[in-house]
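S.K.: Right, I'll just put the structure down here and ask away after.
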Amino acid sequence: MSSHVYLLRHGQTEWSESGRHTGRTDVPLTSEGEQQARRAGAVLARLRGTDLPPALVLSSPRERAWRTAQLAGLDAGHTEELAEWDYGDYEGLTTPQIRETVPGWTVWTHPIPNGESHGDVQKRAIGVLERAKRALPGGDVVLIGHGHFSRVLIATWLNLPPSEGVHFGLDPAGLTVLGDERGDPQVRRLNVPAWEVDE
């Protein structure tokens, strides 16, 4: 495969900085998040190493994601398939707050009342990646989204269950590159920070 799938997590928000689970809530980028998004555009250009436009650029419709795409210089279509995990009753709460009533809770190991199940999230990830794979023969694919869902995308790319997303860290505005080696799915780069390339 000469083309790759690039995952870009949105830049910093007040909620991501404080550890609050942010699914449906439309929280804007902080000023630092906006700077991260601009720098991520430069990192992405360096990683891609070509002036050819991507074959497909898709973003979550949440403001923090599409604004990151915009500031990174990407003309992205929006799709609800790239939205963050729906945290249901845990929306806006931190993990320590949730653990006050559910000891040991993590998004990777426990159910989410009135939110999405692991299976729900995996189904969306499969749909996104099928769309990406159809576009890859025409060039690179760039997907702009969120922390937990992008980690499920990585796991799904590697044919792993959603719970294995726990093993892939993604910082705000971090970039991940998915590809293959002779047909076997591969993570070529993981969580490349937005400060790695000079502006």
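S.K.: What pairs can you find where one residue is in the range 129-143 and surrounded by 18 or more Cβ atoms within 10 Å (Cβ to Cβ), the other is outside any strand (DSSP E or B) and charged (D, E, K, R), and their Cβ atoms are less than 7 Å apart, with a gap of 6+ or different chains?
M.R.: Between residues of the range 129-143 that are surrounded by 18 or more Cβ atoms within 10 Å (Cβ to Cβ) and residues that are outside any strand (DSSP E or B) and charged (D, E, K, R), the close pairs are Asp140/Arg48.
S.K.: Here's a follow-up. Mind checking which residues of the range 34-43 are within 16 Å of Trp66 (Cα to Cα) and open to solvent by less than 50 Å² (accessible area, probe 1.4 Å)?
M.R.: Passing the criteria: Gln36, Ala37, Arg39, Ala40, Gly41.
S.K.: Go through (1) of a type in the set (A, V, I, L, M); (2) over 23 Å from Arg131 (Cβ atoms); (3) open to solvent by 70 Å² or more (accessible area, probe 1.4 Å) and name the single condition Ala194 misses.
M.R.: It is condition (3) that Ala194 fails.
Residue by residue, here is whether (1) hydrophobic (A, V, I, L, M, F, W, C); (2) under 14 Å from the mean Cα position of the chain (by Cα) holds:
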position	(1), (2)
Arg46	no, no
Arg62	no, yes
Leu74	yes, no
Pro96	no, no
Thr101	no, no
Gly104	no, no
Asn114	no, no
Val128	yes, yes
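S.K.: Do you know which of the residues in the range 1-31 that are buried (at least 22 other Cβ atoms within 10 Å of the Cβ) and of a type in the set (A, V, I, L, M) is farthest from the chain's Cα centre (by Cα)?
M.R.: So the residue we want is Leu29.
S.K.: As an exercise: evaluate Gly104 against (1) over 26 Å from Leu56 (Cα atoms); (2) in a loop (DSSP other than H, G, I, E, B); (3) open to solvent by 60 Å² or more (accessible area, probe 1.4 Å) and give the number of the one condition it does not meet.
M.R.: That leaves (3) as the condition not met.
To keep it simple, each residue is scored yes or no on (1) more than 16 Å from Glu130 (Cα to Cα); (2) not small (Gly, Ala, Ser).
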{"residue": "Ser150", "(1), (2)": "no, no"}
{"residue": "Ala155", "(1), (2)": "no, no"}
{"residue": "Leu158", "(1), (2)": "no, yes"}
{"residue": "Gly169", "(1), (2)": "yes, no"}
{"residue": "Pro172", "(1), (2)": "yes, yes"}
{"residue": "Leu175", "(1), (2)": "yes, yes"}
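S.K.: Just to check your reading of the model, which residue among Gly73, Gly41, Gly33 is in contact with a Gly (Cβ under 6 Å, 6 or more places away or on another chain), more than 28 Å from Ile112 (Cβ to Cβ) and assigned to a helix (DSSP H, G or I)?
M.R.: It is Gly41.
S.K.: Yes or no: Asp120 farther than 22 Å from Asp171 by Cα, touching a Pro at 6+ places or on another chain (Cβ under 8 Å) and assigned to a helix (DSSP H, G or I)?
M.R.: So Asp120 does not fit the description; no.
The values are calculated or read from the model by the stated rules, or taken from the named source; none is laboratory data. Note that this is a predicted model, so its numbers are computed, not measured. Using ideal geometry, Cβ is built from the backbone for each residue, glycine included, and neighbour counts are taken over all protein chains shown. Side chains included, ligands, DNA and RNA excluded: accessible areas come from the protein's heavy atoms. Shrake-Rupley method; radii C 1.70, N 1.55, O 1.52, S 1.80 Å.
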